[in-house]
Amino acid sequence: MHQELILNKISNVLQATDDSLVDKIVEIVDKANRIFITGAGRSGLVSRFFAMRLMHSGYKVYMVGEIVTPSIQAGDLFIVISGSGGTETLLPLVKKAKSIGAQVAVISMKSKSPMAELADLVCPMGSGNENSFGIVHGMPMGTVFELSTLVFLEAIVSKIVHDKGLTEEGMRAIHANLE
């Protein structure tokens, strides 16, 4: 019962999400010199999944806030995952990246938000407003957004894998080996 509840809700959100967004993200990822990714809280955990998958796919990727992350520059891409699109700790980072000339992509539950106003690409999950993410008993405090976004981002990686003809062996060759 509980698995079905979760899978049904995620499926409903993904069905309401614009399919063309996958192609749009792949296009800007491919054009970027380097990719910087961030999110706060559980969205930050989802952003780490995506960063790792992009790295496995051969992209130069950095997690914002890590000690070895270099400065962002024009020609780079900054991807922010924020359910609200207005996370107070992330908004100044979006402004900074934009002022430097980096492209900004925001993945959010809202098509209109403070971050969306600055973004080059807005990827609203679901219907683009909070209606897709109402309270679901058993999926508390943002779970629907985070899990839907995780699956959406995995679909992007799947497209990259298919488009580039990446193999499991090739991806494993660049997987961390100091674990």
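Roughly how big is the chain's charge dipole about its Cα centre, with Cβ charges of +1 (Lys, Arg) and -1 (Asp, Glu), in debye to the nearest 20?
380 debye
Taking K and R as +1 and D and E as -1, what net charge do the other residues with C-beta under 14 Å from the C-beta of THR69 add up to?
With Lys, Arg at +1 and Asp, Glu at -1, the net is +2.
Once phi is turned into ³J(HN,Hα) by the Karplus curve 6.51 cos²θ - 1.76 cosθ + 1.60 with θ = phi - 60°, what whole-Hz value does each residue of segment 66-79 show in order, with x for glycine and proline?
These are the phi-based 3J(HN,Hα) values: 6, 5, 9, 6, x, 6, 7, 9, 4, x, 8, 10, 10, 9 Hz.
Over 20 Å between Cα atoms: which of LYS60/LYS164; LYS60/LYS112; LYS95/LYS159; LYS24/LYS159 fall into that group?
Pairs exceeding the cut-off: LYS60/LYS112; LYS95/LYS159.
Loop-only check: which chymotrypsin sites (Phe, Trp or Tyr not before Pro) in segment 54-93 are DSSP coil with at most 16 other Cβ within 10 angstrom?
Those that pass, being in a loop and sparsely packed, are TYR59.
Between exposed trypsin sites (Lys or Arg not before Pro) in the chain, where DSSP calls loop and at most 15 other Cβ atoms lie within 10 Å, what's the longest gap?
Value returned for the longest uninterrupted segment is 113-179.
Give the percent of DSSP beta bridges with both residues in segment 2-163 that are antiparallel, rounded to the nearest 5.
5 percent
Under 1.5 on a/c is rounded, so check that first for segment 73-179, then, if it is not, pick prolate when a/b is larger than b/c and oblate when it is not; a ≥ b ≥ c are the square roots of the alpha carbon gyration tensor eigenvalues.
It comes out oblate by the Cα gyration axes.
What Kirkwood radius, in Å to one decimal, follows from the Cα pairs of the chain?
16.6 Å
Of the residues GLY101, GLY126, GLY85, which exhibits the maximal mean-square fluctuation in a Gaussian network model of the chain defined by a 10 Å Cα contact cut-off?
Comparing GLY101, GLY126, GLY85 in a Gaussian network model of the chain, the most mobile one is GLY101.
By the scheme Lys and Arg +1, Asp and Glu -1, what is the net charge of all other residues having a beta-carbon under 14 Å from that of VAL22?
Combined, the nearby Lys, Arg, Asp and Glu give -4.
Loop-only check: which GluC sites (Glu not before Pro) in segment 1-85 are DSSP coil with at most 15 other Cβ within 10 angstrom?
Those satisfying the criteria are GLU66.
Every read-out reported here was derived from the displayed coordinates using simple, explicitly stated rules and does not represent laboratory data. None of the values given here were measured: they were computed from a predicted structure. Quick reminder, even Gly has a Cβ in these numbers, built from the backbone with ideal geometry, and neighbours come from all protein chains shown.
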